[in-house]
1. If you take the residues of region 518-563 that are buried (at least 19 other Cβ atoms within 10 Å of the Cβ) and polar (S, T, N, Q), which of them is farthest from MET612 (Cα to Cα)?
2. Hey, could you check region 244-278 for residues that are at negative phi and polar (S, T, N, Q) and say which is modelled with the lowest pLDDT?
3. Can you pull out the residues in region 678-693 that are over 11 Å from GLY625 (Cα atoms), within 38 Å of the chain's Cα centre (by Cα) and surrounded by 13 or more Cβ atoms within 10 Å (Cβ to Cβ)?
4. For the list (1) under 24 Å from TYR298 (Cβ atoms); (2) within 35 Å of the chain's Cα centre (by Cα); (3) not in a strand (DSSP E or B), I need the number of the one condition that ILE675 fails.
5. For region 333-353, which residues satisfy the criterion of being touching a Ser or Thr at 6+ places or on another chain (Cβ under 8 Å) and of a type in the set (S, T, N, Q)?
6. Considering only region 515-544, how many residues are assigned to a strand (DSSP E or B) and in contact with a strand residue (DSSP E or B) (Cβ under 7 Å, 6 or more places away or on another chain)?
7. Are there helices (runs of 4 or more DSSP H) fully within region 247-343 with at least 3 residues that are of a type in the set (A, V, I, L, M, F, W, C)? List them.
8. Quick one: which residue in LYS662, LYS635 is among the basic types (Lys, Arg), touching a helix residue (DSSP H, G or I) at 6+ places or on another chain (Cβ under 8 Å) and over 21 Å from THR73 (Cα atoms)?
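The values are calculated or read from the model by the stated rules, or taken from the named source; none is laboratory data. Not measured: the values here are computed from a predicted model. Here Cβ is always computed from backbone atoms with ideal geometry, including for glycine, and neighbour counts include all displayed protein chains.
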Amino acid sequence: MRKRTVWREFVGLFVICFCVASAARAEVPADFPRFIVPGQEAEMDSLRQLFWLHYETTGPQIVLWDEWLPNATLWPAHGSGAALDDMRRRWAQALSGRIIDAEGYVLTQQHDGPAHAEGWPFPLWTQAGGIGWHFRPLGVPGYEAPLTKPDGWRLDGATAKGVNDRGWQVVIDKESATLEPPEFAVDARIAPWLRLNWWASNLGKAKCYVEWTTKDKPKFGSDRRAYFEAANAEPPAREARTMVRMHTLPEWKGTITRLRLTFENAAGGQIVVKSFHTACDTRHNVNNLNFIRGCRDYFLWTKDIEFLRAQMPRIRTAMQFVEREFKTREKKCIYTTWPGHEGRSGVRRVDAKKQIVRGEGIGSNYWDLLPFGGEDALATIYYYDTLLKLANLEELVAAHPEWGVSKDKAFKPDDLVFFATEVKQYFGQRFWNPATGRFGTVDLDGQLHDYGFTFLNCEAVAFGIATPQQARSIYDWLSGEREVEGDTSKGGDIYHWRFAARSTTRRNLDYYFWGWSNPESVPWGYQVQDGGAVLGWTHYDLMMRLKTAGPNDVAKRLISIISWFVDTQHEGGYRAYYTKDPSRGSLQGGNVAGGLGLDREFIESILATQVMLYGFLGFRPTVDGCEISPRLPQKWPELTVTRIHLHDDVLDITATDEGGLKIKGTGKSNEQVVIHAPKHVRLLAAEGVQAKLVNDLEK
């Protein structure tokens with residue numbers, strides 16, 4: 001994971017670094033939602049504390065979390081008056097502010113690093129064996145590249161003016177000027193992009209391009225040229241982060257030996273070069289999918305029509321990029337061919353000897369050590385879910401012309417739903433491992449990789465892409481009813497860390513990006529992505545159990561999680577609990593390695609409590625109200641979830657074990673709340689809200 005030896009630090013541009021403090025007991029505000037179950041008062045109080053602990057300082061982060069955080073943070077009606085809508089304003093601003101490039105890719109916008117400016121901050125060019133020149137530091141600890149001076153650079157038609165607090169200053173004297181760094185030798189394969197961080201002024205209509213030489217072609221030529229846009233933002237504006245795509249150019253091959261920056265029609269211009277370097281392709285293939293789903297979830301919770309009107313064209317652009325870039329209509333999966341994202345490992349065994357393949361195994365998602373890519377199983381789950389959610393949005397747009405949102409012939413609801421079934425069928429065949437009875441992921445060589453990815457398998461069931469038979473096989477494995485030969489962790493040991501299943505159940509020494517090349521140096525379970533665990537992903541475990549084994553099984557697992565949480569709080573919080581006894585595990589976070597992801601950058605921990613609303617209560621927001629499909633454990637006579645912020649109402653909803661519903665509401669809306677529910681559900685009482693029950697859901 002991030003750090004020089006850890007490789008994990010999910011702290012975005014707008015995230016407070018240590019965003020969840022491990023207090024001994026969270027002081028929960030009176031107006032924060034409650035979970036009420038008669039006879040389970042103490043347990044529900046602890047669960048509410050867990051919820052608040054991870055809600056208090058969270059909210060919109062970078063696009064990676066757009067699938068997970070809106071549904072966990074938008075519904076709590078915390079605050080009153082203008083403060084009640086604060087979280088909504090933050091989400092509207094964040095989603096509307098997601099930058100989409102000219103091709104339709106939604107930029108990652110993580111903190112800076114010497115990698116692709118629009119992707120994840122690592123792997124660094126220094127790790128890949130690339131080349132670079134940094135005249136000023138990035139300002140991000142742990143990601144700094146070696147600083148250099150412009151000694152050895154050759155200038156023609158330009159004059160160097162020294163390095164200031166922004167970078168190397170250069171004045172362009174003639175109509176055509178070149179800046180050429182010292183010679184080097186770099187394999188083109190590990191340098192698919194070039195990145196230039198710079199400022200410029202008075203470039204006008206300058207023509208800018210980079211040229212290169214190779215070992216086989218030692219002279220510059222027009223056949224080896226890549227153009228890029230001139231920066232025209234004068235200091236102290238933020239520097240331009242120009243990415244130049246090289247890997248698609250036919251002559252970018254072999255050993256690159258020289259680079260030359262050329263500026264034509266630029267006499268009188270001034271530039272400041274902060275850095276110039278090769279870069280790995282660190283973009284994430286899930287960004288667009290998460291953005292689309294986040295927008296849809298925000299809209300259904302808020303019914304913000306102006307937001308939808310503004311974002312629907314961007315949503316469609318984002319989906320068009322996915323289908324074009326990853327050949328989804330042809331391949332029926334997310335087919336990733338970006339350099340380094342082919343799904344192959346950068347750590348291999350050849351004749352029993354370890355081989356490190358630089359540039360391969362780059363992560364494509366949250367699990368940034370693992371080479372998901374190629375035929376990407378995890379991204380395909382998200383694609384399947386996005387198809388269905390976009391179909392829902394397009395159906396709503398068509399049904400409500402009064403919203404003023406134009407329809408798009410490219411995305412017809414019926415076609416999206418039909419194609420989702422084809423993706424599901426392909427997924428179930430392509431990624432299923434009959435030998436282990438679970439899913440893995442497939443690289444571009446057709447090799448299936450299966451290390452017992454519990455997150456992949458639980459999400460496959462939770463999102464409905466697994467068949468009932470596959471779902472049952474996955475549950476039987478995780479519950480210990482069957483064991484998988486060759487797994488390191490079996491039976492009860494899968495939940496050794498108590499709060500969640502291990503991320504993987506088979507020791508992984510060979511399937512990583514090349515920079516994590518010595519996994520055997522870390523004991524089993526002391527690396528989050530190799531036998532460790534992440535609190536947030538217990539949500540999908542619980543939802544998987546609800547689908548396969550029912551609410552009693554979920555309640556039993558939930559009580560184990562609550563018991564663990566109570567133990568940690570009695571000893572002063574997460575940090576105190578694990579520091580006291582290292583045998584309990586090691587926490588990761590804040591640039592420190594570990595096997596357990598609970599606090600600090602693990603902001604998705606807020607998901608752990610969402611089973612109360614989305615699982616047991618079976619609640620889903622809809623444009624006309626909500627869906628409620630309760631599934632209560634036998635020992636729960638009823639469940640109440642309070643302060644649900646739906647559209648312009650704040651609702652307290654009670655579901656009884658006999659299928660009764662009681663709703664109490666406050667709010668400024670006079671609109672009727674339509675409750676879609678299974679046939680056995682009855683509306684017993686509605687206070688302070690106009691409610692209409694429609695029994696149109698399957699049980």
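1. The residue in question is GLN527.
2. GLN270
3. PRO678, VAL681, VAL689
4. All conditions are met except number (3).
5. Hit for region 333-353 is THR336, nothing else.
6. 2
7. In region 247-343, the matching helices (runs of 4 or more DSSP H) lie at 287-302, 305-325.
8. Checking each option against the conditions leaves just LYS635.
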